[in-house]
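Only the coordinates and a few stated rules stand behind these numbers; no lab work does. Computed from a predicted model, the values in this text were never measured in an experiment. Here the Cβ is made from the backbone with ideal geometry for all residues, glycine too, and neighbour counts use every protein chain on show.
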Amino acid sequence: MPLNIATLDEIRAGKVTDVYFDRTMQVLLAEGVDKRVVVEVTASGLPRDYAFGLLAGLDELVAILAGLPVDVDAMPEGSLFYPREPVVRVSGRYLQFGALETAMLGVLCQASGIATKAMRCKLAAGDRALISFGARRMHPAIAPMVERSAYVGGCDGVAVVKSAELLGIEPTGTMPHALILLMGGLPEALQAFHRVVPRTVGRVALIDTFTDEKFGAVEAARTLGPDLAAVRLDTPGSRRGSLAAILAEVRWELDLAGFGHVQLFVSGDMDEHQIPPLNDLVAGYGVGTAITNAPVVNFALDIVEVDGAPISKRGKKSGVKDVLVCAGCGGRHVVPRGAAPTCPAGGPAEPALRPLLRQGALVEPLPPVAAVRARALAQVRAGVAGGQ
């Protein structure tokens, strides 16, 4: 039996669309209405207590729209954005792309939600490693999309082999409880791992399968000695109590036994709220469900111009807009397209949306994902430093 997924050809053919768009196309074709429109993708708000969003999913948006007679302008992927700022603008005849609205929003809403959550976790972790562990919480066919978005948002590594292959990085992971269970214990599993797995892979022991964490940590350190880089705690909630206290105890016992070089990694139901209290003790985090199951960004796609005339539905501002970003103060302003590129404070400002497609062709090649991630980290850190 096949997987329950749509192919790119089916998506581009408008098969993954809300039926009212399909019926709209039928009516417009029957009535001979083929108007040129400009649409904007904007979020009126952000999830929960989010101060910002991080744009992701442009690579798949391009895959959906490439070759169609449309022009697309967008904030570069990895850009910071705020509510009521258009992040993508599409211009063309409605009949050419209207049925793709569902798919266009789908790739942007989910990818941006995952990237934003990952960035929130990265900001919480600071310079500590952050690894995406959550592919098992989503359909396997979309695991590469999930982990690409997590990587764009700041994760330093991903666990899934295919995801890492597409990103051009090595997958990150230690050992599962299964290896320890099948080998009969932690020392046996560590010794076998050490014999078989190339030394380029760091030796990180999962220490809470059978024993208390502090005893497991010391046992692992004595088994591999200087070759052990770290221990990972994946303590279940039913045994956790105060995780910070457990970590402090493990650190104490390792140091007392002469294993100060062994670092501590934590996984298991981590998110941006649970990370900060542990940072003084932890060298890195594996975050799964919180990132994979991140709330989507509720983007909407709205017509703002028909045949050159500004128009919109209730609750939306008519006309094509730019987002101007001041090079001096960092201020951001949504203005009518063509407004003077200056900040109200008097400094020069630049449009945040840039040409992406012209008549369905890329204006320039999409940047490598590492560059997108670097842009995201730089923009968000600058925004946080500036109090945004």
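The Cα center of the stretch 239-274 and the Cα center of the stretch 313-337 differ in position by 47 Å.
What's the longest uninterrupted piece of the chain once you rule out the trypsin sites (Lys or Arg not before Pro) that are loop residues per DSSP with at most 10 other Cβ within 10 Å?
Of all site-free stretches, the longest is 49-198.
Between 330, 346, 319, the GNM of the chain built on Cα springs shorter than 10 angstrom shows 346 fluctuating the most. Taking every alpha-carbon pair under 8 Å whose residues sit at least 6 apart, the chain reaches a relative contact order of 23 percent. Subtracting the Cα-Cα distance of residue 257 and residue 382 from their residue separation scaled by 0.36 nm leaves 40.8 nm. The smallest convex shape that holds all Cα atoms of the stretch 275-356, its convex hull, gives 219 Å³ per residue.
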